[in-house]
Amino acid sequence: MPNVTASFSVMSSLLTEPITRGEVQPEGLSLEVHAPESIDKLSRDMLDLRFDIGEMSVATFLKAVEEGLPLIGLPLFTSGRRFLQPYFQLSRASGARDLSGLKGKTVGAPQYWMSTAVWQRLILRQMHGVAPEDVNWLTWQPERLASLRIPGGVNLRQDTSGRTPLELMQAGEIDASLNPFPSRDGAAAQDVATPAYQDRVAAQRDFYRQTGIFPIMHLTVMKCDLAEREPAIAGALCDAYQEAKGLVQARTEPSNAPQPSAGETTREMVELMGSDPWPYGISRNQKVLQTLLDISAEQGLLGRAFTVEELFVPSLPEAYR
């Protein structure tokens, strides 16, 4: 494969640092690395096709594909894979003792159509019997796609005051937040809110044991014309990501060092999910990807059915199919 130069932007994480630092280089591919500001900004940049290869919110990517944007996925899931139980916060003034008590109350989230919120609505419905239509929704950031429409039966308003989630909770405008409060909120947050799960590690383990789902929030995507013009790039990138992950695992095992999910060490994640909790490839992630497609359609994000395979580069080597 001739050497190809491509602009590249992904969130910094243990699994991607060997690539962004140049320690691991995809065969035949020179990467012009751009440090992103946030996954929200990076997802919007990819909607504008700013980079040849980049990381993106998977919910935003699904809608972009439905709308015909020339982006195609690679089955590489890095910084955005985590459990979401630690994110739920309940207002102490709400009267709700747990998440099942949220019916008729107001729940706040940065955006309605973001990957974390899609998964959290599954948790609310499946684990606590609270459907999206059972609560009022308040968001404080604009959606990433102007064409997004709120499903029928869902009551939502956007707060444009610029207040933080903590300030909205202090004002009594939300009874729960699907977004964790920043550490700087400290004691003020403890006075106003309480974690919905007192034992968050136990809650996320229960969720995994019941569902087999380790939620995916982000994936790597590339421009369709690049994938079509240089089909070998997909395999080269997948191999580079796999090599980078191998380096990280070799350096940290047996380890309690990285905290890949709230409250759990690498060793504990391996004990729960097997030797590789962060697998790449379609088949090894088929269940979680199909579940995401199903709940995205169920919640009204998608207007048509997708197969998992049609989301990804067709030229993938067999090892990543």
Exercise. Name the residues in region 158-201 that are without any contact (Cβ under 8 Å) to a residue 12 or more places away in the chain and among the acidic types (D, E), would you?
Worked result: E167, D199
Exercise. From T139, T164, which residue is over 30 Å from T211 (Cα atoms) and among the β-branched types (V, I, T)?
Worked result: T164
Problem set entry | region 94-113 - residue that is of a type in the set (A, V, I, L, M) and at pLDDT 95 or above and, of those, farthest from F181 (Cα to Cα) | L102
For this session: Within region 28-44, identify whether any single residue is in a loop (DSSP other than H, G, I, E, B) and either in contact with a Pro (Cβ under 9 Å, 6 or more places away or on another chain) or within 21 Å of Q126 (Cβ to Cβ) (or both), and answer yes or no.
Result: yes
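Mind telling me which of the residues V118, V201 ends up being surrounded by 17 or more Cβ atoms within 10 Å (Cβ to Cβ), at pLDDT 95 or above and aliphatic (A, V, I, L, M)? Show your work before the answer.
Values: V201 fails: at pLDDT 95 or above.
Of V118, V201, the one residue that is surrounded by 17 or more Cβ atoms within 10 Å (Cβ to Cβ), at pLDDT 95 or above and aliphatic (A, V, I, L, M) is V118.
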Exercise. What residue, among those in region 93-130 that are of a type in the set (F, W, Y) and within 13 Å of the chain's Cα centre (by Cα), is nearest to G212 (Cα to Cα)?
Worked result: W119
For this session: Could you check, for region 177-188, whether at least one of its residues is at pLDDT 90 or above and closer than 26 Å to S43 by Cβ?
Result: yes
Seminar exercise, completed: Taking first residues from region 308-321 that are within 20 Å of E243 (Cα to Cα) and second residues anywhere that are aromatic (F, W, Y) and outside any helix (DSSP H, G or I), the pairs with Cβ under 7 Å that are 6 or more apart or on different chains are Y320/Y280
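Per-residue answers, yes or no, for (1) in contact with a Leu (Cβ under 6 Å, 6 or more places away or on another chain); (2) modelled with pLDDT under 95; (3) buried (at least 17 other Cβ atoms within 10 Å of the Cβ); (4) among the aromatic types (F, W, Y):
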| site | (1), (2), (3), (4) |
| --- | --- |
| P26 | yes, no, yes, no |
| D45 | no, no, yes, no |
| I53 | no, no, yes, no |
| S57 | no, no, yes, no |
| P70 | no, no, no, no |
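Is it true that some residue in region 311-320 is under 18 Å from the mean Cα position of the chain (by Cα), part of a loop (DSSP other than H, G, I, E, B) and at negative phi? Step through it out loud before you land on a result.
Taking region 311-320 and keeping what is under 18 Å from the mean Cα position of the chain (by Cα), we get 311-312.
Next, from what is left, pick out any that are part of a loop (DSSP other than H, G, I, E, B): none.
No, because not a single residue in region 311-320 is under 18 Å from the mean Cα position of the chain (by Cα), part of a loop (DSSP other than H, G, I, E, B) and at negative phi.
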Exercise. Which pairs have Cβ atoms under 7 Å, sit 6 or more apart or on different chains, and link a residue in region 219-245 that is touching a residue at least 12 places away in the same chain (Cβ under 8 Å) and surrounded by fewer than 20 Cβ atoms within 10 Å (Cβ to Cβ) to one that is of a type in the set (G, A, S) and outside any strand (DSSP E or B)?
Worked result: P231/S315; A232/G28; A236/G28
For this session: Could you check, for region 293-303, whether at least one of its residues is assigned by TED's automatic domain parsing to the domain that holds P75 and more than 19 Å from the chain's Cα centre (by Cα)?
Result: yes
Problem set entry | When residues of region 169-180 are limited to those that are farther than 28 Å from M273 by Cα and hydrophobic (A, V, I, L, M, F, W, C), the one surrounded by the fewest Cβ atoms within 10 Å (Cβ to Cβ) | A171
Exercise. If D191 satisfies every condition in (1) acidic (D, E); (2) buried (at least 16 other Cβ atoms within 10 Å of the Cβ); (3) assigned by TED's automatic domain parsing to the domain that holds M127 but one, which is the exception?
Worked result: (2)
Problem set entry | Meets criteria (more than 21 Å from Y112 (Cβ to Cβ), touching a Cys at 6+ places or on another chain (Cβ under 6 Å), touching a residue at least 24 places away in the same chain (Cβ under 8 Å) and not aromatic (F, W, Y)) for I19 | no
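The values are calculated or read from the model by the stated rules, or taken from the named source; none is laboratory data. A quick note: this is a predicted structure, and the numbers were derived from the prediction, not measured. As a convention, Cβ positions derive from the backbone with ideal geometry for all residues, glycine included, and neighbour counts pool all protein chains shown.
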